[in-house]
1. Just to verify a result, which residue in segment 51-79, among those that are outside any helix (DSSP H, G or I) and aromatic (Phe, Trp, Tyr), is modelled with the lowest pLDDT?
2. Please enumerate the residues belonging to segment 55-79 that are within 23 Å of the chain's Cα centre (by Cα) and β-branched (Val, Ile, Thr).
3. Pairs only if they're at least six apart or on different chains, beta carbon under 8 angstrom, first in segment 55-73 and closer than 30 Å to VAL32 by Cα, second in a loop (DSSP other than H, G, I, E, B) and among the hydrophobic types (A, V, I, L, M, F, W, C); list them, first residue then second.
4. Looking at the structure I just gave you, is PHE30 in a helix (DSSP H, G or I) and without any contact (Cβ under 8 Å) to a residue 12 or more places away in the chain?
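The values are calculated or read from the model by the stated rules, or taken from the named source; none is laboratory data. The shown structure was predicted, so the numbers you read here are calculated from the model rather than taken from an experiment. Methodologically, a virtual Cβ is constructed for each residue, glycine included, from the backbone with ideal geometry; neighbour enumeration extends over all protein chains shown.
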Amino acid sequence: MQNQNKIIQLLGIPFTALLSIIFGLLLISFPVGIYIVFESDIGDDIHYDYPITHLDIFSQTDFYQSSIDITLGDAFAIL
């Protein structure tokens, strides 16, 4: 029984530590991302109020420059 306990501790403690680090980074990344998207001047032409339909990745689709009013800030907050 003690061998099984030692195996569980050998695997469980590092796994729990890894999960704690991952959740800590998750909690830190959201406020940092909000600051970067909404409060920083990354560029003159693309910012949080830029329509997501005007991005070049949608240039060959029907979605490109459509009348849907979704901005980069909205997409970040939803995701």
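1. Once the filter is applied, the top-ranked residue is PHE63.
2. ILE57, ILE68, ILE70, THR71, ILE78 - these are the residues of segment 55-79 that are within 23 Å of the chain's Cα centre (by Cα) and β-branched (Val, Ile, Thr).
3. LEU72/ILE46
4. yes
A quick yes/no check of all residues on (1) charged (D, E, K, R); (2) without any contact (Cβ under 8 Å) to a residue 24 or more places away in the chain; (3) in a helix (DSSP H, G or I):
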residue	(1), (2), (3)
ASN5	no, yes, yes
LEU18	no, yes, yes
ILE34	no, no, yes
PHE38	no, no, yes
ASP49	yes, no, no
